Amino acid sequence: ILSDERFIPLFSGDVKIPVENGYCTMVINDESGKINVNKLKASGDKIVRHRVDQMLKLIDLLNYQYHEQNPVSYSLIPAIIDWVDYDDEVTILPFIKRENEGAENNYYKDLIDPYKCKNAPFETLNELLLVKGMTPEIFNGRAGDKTQNIEPVDGIEQYLTIYGDGKININEASPMVILSLSEMMSPP
């Protein structure tokens, strides 16, 4: 229940706040309808299989939008797990039949502009852009171009979060996140 009516507009859409000669736009989103990338592994260092399976399904759904291509690799999932876990052992998910290998410091130190694998939870969702296999197009999506017959593609970032306990509130989830909950569901 909202006790201060001044804040009601924040929950009903974009709010423009005047700042000098322009505006700052503020939107409040409920993150409980998104997949938490910090929760793919439990605190006891055990893979949370149903969450990994959900990410696999999300990748399939995103790749489906690309039609003939599959630019989002399954190896993104073990790479995300390696970014978050505290060890320096490369994660291999044997239940994934194709790309299933993550990345630790050895991969990142050999890049043109090397950096370390964080080995700690994501603090911002934009950190995903540092993870092996993530590209700006996969993260942000692709704008369509009807003159070139190019369909728009959703970015993965709109379905992910770094907040919450990992449980999905289906009342706040997008259709794509709901479809990712089970292999028994298929796109419309």
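The values are calculated or read from the model by the stated rules, or taken from the named source; none is laboratory data. In this text, all values refer to a predicted model and were calculated from it rather than measured experimentally. So basically every Cβ, Gly included, is an ideal-geometry build from the backbone, and we count neighbours across all protein chains shown. The accessibility values were calculated without ligands, DNA or RNA, using every heavy atom of the protein model including side chains. Shrake-Rupley method; radii C 1.70, N 1.55, O 1.52, S 1.80 Å.
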*Which condition does D165 not pass, out of (1) in a loop (DSSP other than H, G, I, E, B); (2) open to solvent by 50 Å² or more (accessible area, probe 1.4 Å); (3) in contact with a Leu (Cβ under 7 Å, 6 or more places away or on another chain), if it passes all the others?*
(3)
*Return a yes/no flag: does segment 96-106 have any residue that is part of a loop (DSSP other than H, G, I, E, B), open to solvent by 30 Å² or more (accessible area, probe 1.4 Å) and in contact with a Leu (Cβ under 9 Å, 6 or more places away or on another chain).*
yes
*Which of (1) without any contact (Cβ under 8 Å) to a residue 24 or more places away in the chain; (2) open to solvent by less than 90 Å² (accessible area, probe 1.4 Å); (3) within 16 Å of I81 (Cβ to Cβ) does L130 not meet, given it meets every other one?*
(1)
*Would you check which residues across segment 39-72 are open to solvent by 10 Å² or more (accessible area, probe 1.4 Å), in contact with a Lys or Arg (Cβ under 8 Å, 6 or more places away or on another chain) and closer than 21 Å to L179 by Cα and list them?*
K39, V48, R51
*The lone exception for P78 - which of (1) assigned to a helix (DSSP H, G or I); (2) surrounded by fewer than 18 Cβ atoms within 10 Å (Cβ to Cβ) it fails*: (2)
